[in-house]
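Trainee: After the structure tokens below, expect a handful of questions from me.
Any read-out appearing in this document is the output of simple, stated calculations on the displayed coordinates, not a laboratory observation. Only a predicted model underlies this, so the values are computations on that prediction, with no experimental measurement involved. A quick note on method: Cβ atoms are made from the backbone with ideal geometry, for glycine too, and the neighbour counts reach across all protein chains shown.
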């Protein structure tokens, strides 16, 4: 399984802070995103936002980054700390 | 306060004391003649709206790793001694302290530069998000392009 977590505005808009996806056939962050976007029209719209950032196992990555069973994949808006 | 494996980093809901943090940076540290600190606070307005509070969310685990990586880059670029980064999370009100960055070095130039570098990178890399409560209601803040530009200068 792959654990997927969401933060901030995205978490609120999805009304979901985390979920698990079966890891078969998921080899990249882009594929994880596509599976999530297929959940509903609203999810599709939210994941179409090109400014969303992704992290795998706490490391900021690009969409073509590889994912494996047991990974934690995170999606969130651009950061606004400090 | 969560247990952290990074003594230079603290993510906390509690307030911090500038005097206490400076004392820790200076304690038993006779080699560094420079101590540079930055404190960020909640402003009373943002983009023309009156702000009443901010709520800060973060990504536990990733936040600490991200800040540790920024500190380690600063140590590679400048000759610095001690570093401390504190970032508060949860609900904060006008005038409350949000963030602290303290850096020591033998001479002031390294501590000044490293301190600004750490803040600039924290702004664009560390997974914190601010939700603002103002007269207009609740609103997640958008990232500023100017912060990206600022960090790109290093």
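Trainee: What does the structure give for B:115-124 when I average, per residue, the other chain Cβ atoms found within 10 Å of the residue Cβ?
Mentor: Mean shielding by partner chains, rounded to a whole number: 2.
Trainee: Using only alpha carbon pairs under 8 Å that are at least six residues apart, calculate the relative contact order of chain B and give it in whole percent.
Mentor: Normalised by residue count, the contact order of chain B is 31 percent.
Trainee: Further, regarding this structure: When a footprinting reagent is the concern and you count Cβ atoms within 10 Å, what order do B:125, A:39 take, fewest first? Please list the in-between numbers first.
Mentor: On the way: B:125 18, A:39 14.
Ascending Cβ contact count within 10 Å gives the list A:39, B:125.
Trainee: Here is a further query. Quick check: from the Cα gyration tensor, does segment B:9-152 come out rounded (a/c under 1.5), prolate or oblate?
Mentor: Working: a/c = 2.06, a/b = 1.70, b/c = 1.21.
Prolate is the answer for segment B:9-152, as a/c is 1.5 or above and a/b outweighs b/c.
Trainee: Hey, fewest Cβ within 10 Å first, where do B:85, B:36 land in order?
Mentor: Lowest to highest Cβ neighbour count: B:36, B:85.
Trainee: Given a Förster distance of 45 Å, report the FRET efficiency between residue A:27 and residue B:13 from their Cβ-Cβ distance, rounded to the nearest 0.05.
Mentor: That gives a FRET efficiency of 0.70.
Trainee: Work out, step by step, the length gained on full extension between residue B:138 and residue B:153: first 0.36 nm times the residue separation, then minus their alpha carbon distance; give nm to one decimal.
Mentor: Result: 2.1 nm gained on full extension.
Trainee: Answer rounded, prolate or oblate for chain A, using the Cα gyration tensor with square roots of eigenvalues a ≥ b ≥ c: rounded when a/c is under 1.5, else prolate when a/b is larger than b/c, else oblate.
Mentor: On the way: a/c = 1.55, a/b = 1.19, b/c = 1.30.
Oblate, because a/c is 1.5 or more while a/b does not exceed b/c.
Trainee: Turning to a different aspect of this structure: Within a 10 angstrom radius of the beta carbon, how do A:1, B:119 rank from fewest other beta carbons to most?
Mentor: Lowest count first: A:1, B:119.
Trainee: Give me the angle, in degrees from 0 to 90, between the Cα long axis of helix B:62-77 and the longest principal axis of the Cα atoms of chain B, rounded to the nearest 10.
Mentor: Roughly 40 degrees between the two axes.
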